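A quick write-up on the structure given underneath.
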Amino acid sequence: MPDKKSITIKIRVDSQTHVEMQSRADRYTDGNLSAFVRCATLKYEEQPMADRDNPRMIALIKSAIKLIERTGTNTNQVAKHINEQQKMNPYSLRAADLLPFSQFCEGTDKIQQVLTYLYNMIISGK
C-alpha cells in the first residue's frame, strides 16, 4: 500500500517563475505542479559543480573574513574609547580623536580588493 502524501513543502517564487513552472507542468504533467516538481527533482542527475571545492577560493574567503573581523574589532575599540572620553567630558571630541579611523582605510581597501577578486572568480566560474 503506497504511503499517503502528508508532508507539505512550500517554496517561494516570483510571478514570472510561477508562470514558467505552471506552463511546464501543463505541458508535461497535465497541469499538476506537484507532480512536475517531484519529477523534476527526483529524476535530476546532473553532477555537482567541482568548483565548490576550490581551495584557493576557500582560502580567499577565510582571508576576507579575517580582515573584516580585524577591521570591525579595531573600529569597535576606537568607538569605545571615544564613548568613554565623551562620558567624562561630553564636549571634548577633537579631530585627532577620529584619526584612528583613517588607519582603517587601508584595511577596507584590502577587503574590497579581496571581495572584488572573489566576486569575479565566482562569476567567471574559475
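Would you mind finding the one in ASN54, ASN76 that is modelled with pLDDT of 85 or more and either open to solvent by 50 Å² or more (accessible area, probe 1.4 Å) or under 30 Å from CYS105 (Cα atoms) (or both)?
Just one listed residue meets the conditions, ASN76.
Kindly list the number of the only condition in (1) open to solvent by 90 Å² or more (accessible area, probe 1.4 Å); (2) over 22 Å from THR71 (Cβ atoms); (3) under 36 Å from the mean Cα position of the chain (by Cα) that fails for SER124.
(1)
Identify, by number, the condition in (1) surrounded by fewer than 10 Cβ atoms within 10 Å (Cβ to Cβ); (2) at pLDDT below 85 that HIS81 doesn't meet.
So the condition that HIS81 fails would be (1).
The values are calculated or read from the model by the stated rules, or taken from the named source; none is laboratory data. Since we're looking at a predicted model, the values are computed, not measured. Cβ coordinates were reconstructed from backbone atoms using ideal geometry, including for glycine residues, and neighbour counts include every protein chain displayed. Heads up: the accessible areas ignore ligands, DNA and RNA and are worked out on the full protein's heavy atoms, side chains in. Shrake-Rupley method; radii C 1.70, N 1.55, O 1.52, S 1.80 Å.
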